[in-house]
Amino acid sequence: MQLVVARIGRAHGIKGEVTVEVRTDEPELRLAPGAVLATDPAAAGPLTIASGRVHSGNLLLRFEGVADRNAAEALRNILLIAEVDPDELPEGEDEYYDHQLIDLDVVTGDGVPVGRITEVSHLPSQDLFVVERADGTEVLIPFVAEIVTEIDLDQQRAVIDPPPGLIDDRAEIDVSGDEA
């Protein structure tokens, strides 16, 4: 199975380094020196990582055969793809790879269907499930224990306990007519 693990950003310096937008929870494994990665578009690769380092909070990579800024800049926006055994599991309990979560059905605790996970978005503060509803609209579900109460890979579903307004078009409204 192939997974996108990073997107190449701008060139850094004059020796062929590039910034990368990391899209894996295991960059030390997937983006280590010596790793050979496929690319999208495929014509750019495969690329072999020659070295990597962190600079000002950004991961910088240098690839074999990319020796200057011009060659590095030509790689901008290319996706880096790693080959992953589909049966491989993360080391920690309650940890999942994105490919395990994509296409899971999302239901509430009482079994009401919400939709299907189409993407896992990794933000600095937390991860989000992008969930496509039956009508084609999308809803974002924070991947936090208070909301996502269960991931059941055998049943291919994620169970959520959403706060009011998260999956509804509007928050619950007091229709009793009582004024506060």
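Using 0.36 nm per residue and subtracting the Cα-Cα separation, the extra length available between ASP110 and ALA43 on full extension is 19.3 nm.
Within the stretch 1-61, report the GluC sites (Glu not before Pro) that DSSP leaves as loop and that have at most 10 other Cβ atoms within 10 Å.
In loop regions of the stretch 1-61 (DSSP not H, G, I, E or B), there are no sparsely surrounded GluC sites (Glu not before Pro).
Each residue of the stretch 103-115 was assigned a 3J(HN,Hα) from its phi angle through the Karplus expression (A = 6.51, B = -1.76, C = 1.60, θ = phi - 60°), giving 6, 5, 6, 10, 9, 7, x, 9, x, 6, x, 10, x Hz with x at Gly and Pro.
Is the C-alpha gyration tensor of the stretch 98-160 telling us rounded, prolate or oblate? Criteria: a/c under 1.5 is rounded; beyond that, a/b larger than b/c is prolate, otherwise oblate. Here the stretch 98-160 falls in the rounded category. Couplings 3J(HN,Hα) of the stretch 73-80, computed from phi: 5, 5, 8, 3, 6, 7, 8, 9 Hz, in residue order, whole Hz [Karplus 6.51 cos²θ - 1.76 cosθ + 1.60, θ = phi - 60°; x for Gly and Pro]. Packing order of peptides 57-64, 5-12, highest average first: 5-12, 57-64 (average count of other Cβ atoms within 10 Å over each peptide's residues).
Here the spin labels are modelled as points 7 Å beyond Cα on the Cα-Cβ line, and at ARG53 and ASP103 they lie 4.2 nm apart.
Placing +1 on the Cβ of every Lys and Arg and -1 on the Cβ of every Asp and Glu, with no other charges, gives the stretch 1-124 a dipole of roughly 1060 debye about its Cα centre. With viscosity 0.692 mPa s and temperature 37 °C, the Kirkwood radius over alpha carbon pairs of the stretch 2-83 converts through Stokes-Einstein to a diffusion coefficient of 271 µm²/s. In the chain, a dipole from Cβ-located charges (positive for Lys and Arg, negative for Asp and Glu) runs towards its positive end, and of GLN156, ALA32, PHE129 it is ALA32 whose Cα lies farthest in that direction.
Between GLN126 and ALA74, the contour length at 0.36 nm per residue exceeds the alpha carbon distance by 15.6 nm. For n ≥ 4 DSSP H runs only, could you compute -39500 (n - 2.57) per run for the chain, divide by its residues and tell me the 222 nm figure to the nearest 500? One gets -1000 deg cm²/dmol as the mean residue ellipticity at 222 nm. Relative contact order of the chain: 16 percent, from C-alpha pairs under 8 Å at least 6 residues apart in sequence. Against the set (1) 12.1; (2) 15.4; (3) 14.4, the structure's computed mean projected area of the Cα convex hull in nm² falls on (3).
Throughout, read-outs are computed from the coordinates displayed, never taken from laboratory work. The structure presented is a predicted model; accordingly, all values stated were derived computationally and were not measured. Don't worry about glycine lacking a Cβ; one is built from the backbone with ideal geometry, like all the others, and counts go over all protein chains shown.
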